[in-house]
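Just so it is clear, none of the values below were taken in a lab; they were calculated from the coordinates. All values reported here derive from a predicted model rather than from experimental measurement. Neighbour counts are summed over all protein chains in view; Cβ atoms, including those assigned to glycine, are modelled from backbone coordinates with ideal geometry.
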Amino acid sequence: MNKKKLLPYLIFPLYSVRPRRRWQYQFFAGWVLFLLFHFAYAQTPKDCHCLIKGVVKDRETRLPIVGAILRIEGTPLFTTTDTAGRYKISNICQGKYTLECRIVGYKVIKTSIVLEHSAEENLNLSEDEVHLQDVEIVARRLQTLLSQKSSLLEGQALELTRGETLGDALKRITGITTLQTGASISKPVIHGLHSNRVVIMNNGIRQEGQQWGSEHAPEIDPFIAKRLTVVKGAAGVRYGSDAIAGVILVEPDELPKSPQLSGEVNAAAFSNGRIGVVSGTLQGGLPQWKGWAWRIQGTLKNGGNIRTPDYFMANTGVRENNFSITTGYRNNRVGVEAFFSQFDSNIGIFSGSHIGSTSDLLKVIQNGEPFIKTGFTRNIERPNQFIRHNLLKGKAYYNFNGNRLSWTIGRQFNRRAEYDLHGPQAATNPALLFRITTLTSDLVLDHKPLGNGKMNGQLGLTGLYQYNFTDGRPLIPDFEQTNIGIFGLERWVFQRWELEAGARFDWRQLDVFRFVGTVPDPRHHSFNNGSGTVGVVHTPNEKLSFRANFGTAWRPPTPNELYSKGVHHGAASYEEGDETLRPEVAYNLIGSVEYTSQRFKGELGMYHNQISDFIYLKPQAEPILTIRGAFPYFKYTQTDATFTGFDLDTQWDVIPQRFSHNLKFSYLRAYDRREQGYLVLIPANRIENKLRWSFGKVFSSKDTYVILSHLWVDKQRRVPPKSDFMDSPSAYHLWNFNVGGALSLKGPSQLHWAFSVQNALNTSYRDYLNRFRYFATEQGRNISLKLRYTF
Amino acid sequence: MSLVHTRLLVLLALVVMLGSCKKEAPAPEDENELITTVRLKFTENGTTTAQTFTWKDLDGDGGTVPTISPISLRTSRTYKLEVEFLDESKTPAENKTSEILSEADEHLVVVTPSASSLFTYTATDKDSRNFPIGLTGTLVTGSASTGTLKVQLRHQPPVNGQPVKNGTVTPGSDDVNVTFPLTLAP
């Protein structure tokens, strides 16, 4: 082998083994199909009560496709999809079949299925193009555990959130709330936990910024996502041990397979803050380079002062300029992809929230509203945050003998500059500047089904190297950390039962470059631990399924918990780290029941998360006296905490195709077992009722709908006594209204429209999880228009 | 090597190259807006001898507790009071007073007694909009008693480009909020 040939061999060792065969499946093109179940046929006595069901959707619009014909090749069995795109074929004998789905205007899809009891196949059809009739079948990998029910936000539901922050969009999912800093900064909270306990996978890469801070929102352009998936519950094995509360997957669309140019333009305008958002995507292939595709995407956002029902909040404007580019090559054996994205924002921090001392805070609480009120402006002054997040990602995969080896590398750079009110010395220097660089590498092998096809799974090796610089006001020291993790996950199928098990081990080294005065006083920490998960799914009949999962996860203390020291200005508290903290360990038990009938769908998910050595800020008896007066003193301390609750989600088609009702109810009780009391900042219980009318075609707008929803959030009564400067806010009711539809334009292009009114009654309220609840009420009525043009 | 190979390699090399980077050495943090010391200089009218009292927290917030020198003044006298703010964590110490003076339009020094019978304080300096600054003023003491004297440095920067300083304590936030024990004796 000469030198020229050696290099690709080293990079793609397995790929280069049989170079001639790699073109063999070149004709496989077309669109992506997700297989939920892909297990081999069992050689047991034949049972002819098998069932296959699923939903057929348009791959682009995510709208259900009505009247698609589903046929099982070689049998007389067939059915068509109903108005919700659903289909079901029963009384099939166990065996291996090919399922075909066809409807005029769409490409035919064929997929092989192995039936043992029941299977679910959600199909996404793409519109027919003359040049491409080939079909590619891609199995859905073990991205999330089946025994841990994951929640999705996609299609129309995601469209209705366009222009909002990632956190606000995720709030649509039952059990997800947000930790807010005013209206423009929101962090997702899963079952009462947030920040370092929630892992966000941005396009396959762990998002790493200064996520420990409650006023540090995820630096992600939500327009990148075609789908948001939330795994509620410890998901440490697959995504990193610290995913104690859950994982949020932000996934873009696959690169197009057709060389034809396509794209979309999104525009959203909001009355409150007079926010305007424009986002565009353009994608296509390279005619000369078969298999290559590209996509460019960009978003601009500009908003001014937000208005509560009674007054404007000064300096609450926002600017965002984001873009991403993707290119990749793919055939059915091998694929590579390069992705770069930049998120760039300037966020104004409500000037009425700037306090210097505890007495300032008490005065504004007593006043009930900000002392200084202003009019509308788009200018952003101090205090503000400039945040830039760059992500460069490379991904390669190789399919061989039913196995798939994939390698993902990423480099992230996050620069967060926080400007205080002060000048002039700091006119150019921010009061706080964080620069964090993270390199990640994930090597994952999805092995081919083993044991007669009854077992499949994956093995992985992940690495992370990170270093952080903090300049300005002392807060957290510079640090450097390395994390190596190995994991394995397997799934077995027996009749109507599925079992899952996984294990992971992580090694973490943390070096902290601490200074005492100007004298270096470095510290080294080493944290090693294992985590595991076991789960079961039982489907006794076609309508009912049970899931249960027990998972552990552990999280080493982060540098801010170990070494932070100083006044947290927005919170008027003096916070101090403790370098003797041990990792916290979560034991998470989740169970869910799902019932699906023709007109009713209900899902009840229950959880009990017990966290040993839970790290939190504990109030100390003596305040700290500073030059700005006395501040309450909080120290990072460990306790044993439990988070117990349930999420209920029901969907009832009262009049099929016309009128439906949706209920979302979430309940959570968090308890500090060592102190025998409650924990602070736990989201209050809430109920949301939604009524939806579908009108079909109204004038030239098809799929027209009207949604009326009401949200009730209870007062959080479970708060530790004397833990806060003010009582937790009262319960509130919010009414929202949406109307929308789609217009067919020339050719394949479509215009989707949605008109919404949030907080329709202009209710004045405060939320316990908003850090600005001391200073101002929440934002008032917000009328918005969202347009999405696809071509 | 096929064309596809070359393209894949170029793509991969690009990712690796862009991903590599240089690292700098860690450095201690440096807060440039720190105030560690409040110094009060009292000069009784008609005399030239000054009495100085300080409130000091040299290591900034937390750590060692601040040292506070108790103020003792004579009853029913008129004093000229000069307030100074210093950052003594640096060598040499930085005097922040001139900086405050240069931004007088958005700063106000407020001196308040714990009981109104202790003293009255009237600022004698004015900013460009004719509002008091409070760095220098006249303090008139009352009858023999004990209590406290609070010094606040209010930062009152413009909001939305509109000045908010109006001579009262209300707008803005505390840059300094310290309390001295005070004894008035004949």
Assuming R0 = 30 Å, can you tell me the calculated FRET efficiency for the pair residue A:102 and residue A:697, based on Cβ-Cβ distance, to the nearest 0.05? 0.80
When the convex hull of its Cα atoms is projected in every direction, mean area for the range A:189-285 (nm²): 8.0
Working from Cα positions, state the angle (0 to 90°, nearest 10) between the long axis of helix A:358-367 and the longest principal axis of chain A. 80
Let me check I've understood the local charge: for residue A:441, count other residues with C-beta under 12 angstrom from its C-beta, Lys and Arg +1, Asp and Glu -1. What total comes out? +3
Residue A:219's amide H: which non-local residues (gap 5+, or another chain) put their own amide H closer than 5 Å, with H modeled 1.01 Å from N in plane and none for Pro or chain starts? none
Tell me the angle of helix B:3-19 to the major Cα principal axis of chain B, expressed in degrees between 0 and 90 and rounded to the nearest ten. 20
The answer for residue A:357, listing residues at least 5 apart or on another chain whose modeled amide H is closer than 5 Å to its amide H, is B:174
Please work out the FRET efficiency for the pair residue B:49 and residue A:265, using the Cβ-Cβ distance as r and a Förster radius of 51 Å; give the result to the nearest 0.05. 0.10
Give the separation of the Cα centroids, the range A:715-763 to the range A:464-508, in Å. 34
Give a residue-ordered list of calculated ³J(HN,Hα) values for the range A:322-332 (Karplus: 6.51 cos²θ - 1.76 cosθ + 1.60, θ = phi - 60°; whole Hz; x for Gly, Pro). 10, 8, 8, 10, 9, 9, x, 10, 7, 10, 7
Hz values of 3J(HN,Hα) by residue in the range B:121-126 - Karplus curve (6.51, -1.76, 1.60), Gly and Pro given as x: 10, 10, 5, 10, 9, 10
May I ask you to compute the full-extension gain from residue A:655 to residue A:365, defined as 0.36 nm times their residue separation minus their alpha-carbon distance, rounded to one decimal in nm? 99.5 nm
So what is the calculated 222 nm ellipticity per residue for chain B, using -39500 (n - 2.57) for each DSSP H run with n of 4 or more, over all residues, to the nearest 500 deg cm²/dmol? -4000 deg cm²/dmol
Mind listing the Cα extents of the protein assembly as shown along all three principal axes, in Å, largest one first? 113, 68, 55
Where a ≥ b ≥ c are root eigenvalues of the Cα gyration tensor, a/c under 1.5 meaning rounded, otherwise prolate if a/b exceeds b/c and oblate otherwise, the range B:70-155 counts as oblate
So residue A:604 and residue A:274, fully extended at 0.36 nm per residue minus their Cα-Cα distance, gain in nm 114.9 nm
Considering only C-alpha atoms, what is the centroid distance from the range A:660-693 to the range B:88-138, in Å? 50
Normalised by the number of residues in the range A:136-280, what is the relative contact order in percent for Cα pairs under 8 Å and 6+ residues apart? 22
Would you calculate, for chain A, the mean residue ellipticity at 222 nm contributed by helices, counting each DSSP H stretch of 4 or more residues as -39,500 (n - 2.57) and dividing by all residues, to the nearest 500? -1000 deg cm²/dmol
Leading residue at positive end of dipole, the range B:32-185 (Cβ point charges), from B:171, B:145, B:113: B:145
With each label point set 7 Å from Cα along the Cα-Cβ vector, what nm distance links residue A:288 and residue B:130? 7.7
Mean Cα-pair separation over length for chain A, i.e. relative contact order, pairs under 8 Å, 6 or more apart, %: 10
For residue B:90, list the lysines whose Cα falls under 25 Å from its own Cα; do not include residues on the same chain fewer than 8 positions away. A:565, B:41, B:56
Too long at a 26 Å Cα-Cα cut-off: which of A:257/A:301; A:57/A:702; A:171/A:448; A:171/A:257; A:301/A:697? A:257/A:301; A:171/A:448; A:171/A:257; A:301/A:697
Short version: ³J(HN,Hα) in whole Hz for each residue of the range B:56-72, in order, from phi by Karplus 6.51 cos²θ - 1.76 cosθ + 1.60 (θ = phi - 60°), x for Gly and Pro, what are they? 10, 9, 5, 9, x, 4, x, x, 5, 6, x, 9, 10, 8, x, 8, 10
Normalised by the residues of the range B:32-185, what does the relative contact order come to in percent, with Cα pairs under 8 Å and at least six apart? 24
Bin width 5 Å, alpha-carbon pairs only: give the P(r) of the range B:32-185 as whole percents, running from 0 to the bin holding the largest distance. 2, 9, 17, 22, 19, 16, 10, 3, 1, 0
